[in-house]
Amino acid sequence: MILLKPINMKTPLLTLSFVILCLSHAVAQNFTPAPGSPLANGAVGAAYVGQTINVTVPTTVNVTGQQILDIMPVAVLPFASSVIDANTVYPMTVTSSTFTVQGLPTGLIDNCNGCTILAGNNGDIDFTGTPTSGGTFVIDILSETSGEVSVNNPPVGTTVVPFGGTFQGVAVPTMPDVMNGEGYTMEVSGNPVSIGSVDEEYEFNTYPNPTTSTITLQTETPLSQAWLTDLTGRRLMPLQPNGTQWQADLSPLPSGMYLIDVLTQEGRRGVKKVVRE
């Protein structure tokens, strides 16, 4: 008679749980507090204080071959595909990461709109200002990382693929999203500040309005930032500066009403309604 010994699934499950926990902890260590954490609450019309997110940029990070191939320029993609396996995980030597913050309520600003932190270093992202819209906001910290991956390519030798550099004479973009901190939440209580009262603080012109594609902001006062938001104040995209003009392409967005929220270098704010047809 053959006796069947029961399989003990407890140990494998515990091991798997431990591995998952370690991986999650490793990701969370790059941000303090960890991504997905609730941030300090705020109130409409009250100065927001007390929230800092510390970001540490590691010296190495893992990327998949598919991530590499997805950003390779067409001119060098055939060669890159011959040496890079889409299903392989490669260690990337990090040079630096540049961060942007999305999702802040109208009236709040951050000190890291395009700030760069070198590998092996850390920096603080601070939120300040006075919210003018209430609700629950989901805030994401997005990254663009420069560095390189070394690929063993026998019999030729080692192929070095840079990000934020040139490969075979062709510029390669930085690697997106490998250092993101996403899913922070912020509760802001109170009723929205009326758009009319905010417009009176700082006036600026936008055209064409309504628009089907590009909206242009014209100002003679230097701005520190300009954002397109939805009607709740959630940031959708930054306007890009071009001399005394700032522009954004609204064509990917659905038709409807949006807001342009600006902050001058003197600290004055203005908000204006725009319509995407």
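The values are calculated or read from the model by the stated rules, or taken from the named source; none is laboratory data. Here the structure is a predicted model, which means the values were calculated and not measured. So basically every Cβ, Gly included, is an ideal-geometry build from the backbone, and we count neighbours across all protein chains shown.
Below, the figures for the structure above:
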{"quantity": "Residue in segment 104-115 that is outside any strand (DSSP E or B), crowded, with 20+ Cβ neighbours inside 10 Å and touching an Asp or Glu at 6+ places or on another chain (Cβ under 6 Å) present", "calculated": "yes"}
{"quantity": "Answer residue from segment 224-240, given it is at pLDDT below 85 and assigned to a strand (DSSP E or B) and is nearest to V188 (Cα to Cα) among those", "calculated": "R235"}
{"quantity": "Cβ-Cβ under 6 Å pairs, at least 6 apart or on other chains, segment 107-133 side in the same structural domain as V44 (by TED's automatic domain parsing), far side charged (D, E, K, R)", "calculated": "N111/D126; I125/D110; F127/D110"}
{"quantity": "N191 vs. criteria modelled with pLDDT of 85 or more, surrounded by fewer than 17 Cβ atoms within 10 Å (Cβ to Cβ) and either in a strand (DSSP E or B) or out of contact with any helix residue (DSSP H, G or I) (no Cβ under 8 Å at 6 or more places or on another chain) (or both)", "calculated": "no"}
{"quantity": "Set D249, D177, D230: member being acidic (D, E) and closer than 28 Å to L118 by Cβ", "calculated": "D177"}
{"quantity": "For S251: the one exception among (1) surrounded by 13 or more Cβ atoms within 10 Å (Cβ to Cβ); (2) under 22 Å from the mean Cα position of the chain (by Cα); (3) without any contact (Cβ under 8 Å) to a residue 60 or more places away in the chain; (4) not in a strand (DSSP E or B)", "calculated": "(1)"}
{"quantity": "Selection from segment 24-40 of residues that are among the β-branched types (V, I, T) and at pLDDT below 90", "calculated": "V27"}
{"quantity": "Residue in segment 144-151 that is at pLDDT below 95 and more than 15 Å from T93 (Cα to Cα) present", "calculated": "no"}
